[in-house]
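Each remark here refers to the structure printed beneath this line.
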Amino acid sequence: MFEAELPKQVVETRPVYYTTFETEAKDVIEELGHGEGFYIGNIIKYLYRLGRKGNNKLQDLYKARQYMDFLIQLLESEEEV
């Protein structure tokens, strides 16, 4: 997913080091065949801690939604194969 497609709230908190290398860690995890579990785990993490870290519920929801979008894209790409 290109940064322009991410919600403004997610882009603002996305550290530069996520894109230091050509390939993001999430893409490597996908290539190793663990993308679905990785995304589900992150969705659970952000929903579980909702509002507990910095008391910013919306930020946690945006991040959970971002991982849901990643998961949807992964599953859609698998259906196309």
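Summary table below
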quantity: Of residues in region 20-46 being in a helix (DSSP H, G or I) and open to solvent by 80 Å² or more (accessible area, probe 1.4 Å), the one farthest from Tyr67 (Cα to Cα); calculated: Glu31
quantity: Residue tally, condition part of a helix (DSSP H, G or I) and modelled with pLDDT under 95, over region 47-63; calculated: 7
quantity: Tabulated pairs, region 35-46, first within 20 Å of Glu76 (Cβ to Cβ) and of a type outside the set (Val, Ile, Thr), second open to solvent by 60 Å² or more (accessible area, probe 1.4 Å) and not in a helix (DSSP H, G or I), C-beta under 8 angstrom, 6+ apart or interchain; calculated: none
quantity: Selection within region 50-81 - open to solvent by 70 Å² or more (accessible area, probe 1.4 Å) and small (Gly, Ala, Ser); calculated: Gly54
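The values are calculated or read from the model by the stated rules, or taken from the named source; none is laboratory data. In this text the structure is predicted, and so the values were computed from the model without any measurement. Neighbour counts run over all protein chains shown; Cβ positions are idealised from the backbone, glycine included. Each accessible area value is taken on the protein alone, full model and side chains, heavy atoms only, with ligands, DNA and RNA left out. Shrake-Rupley method; radii C 1.70, N 1.55, O 1.52, S 1.80 Å.
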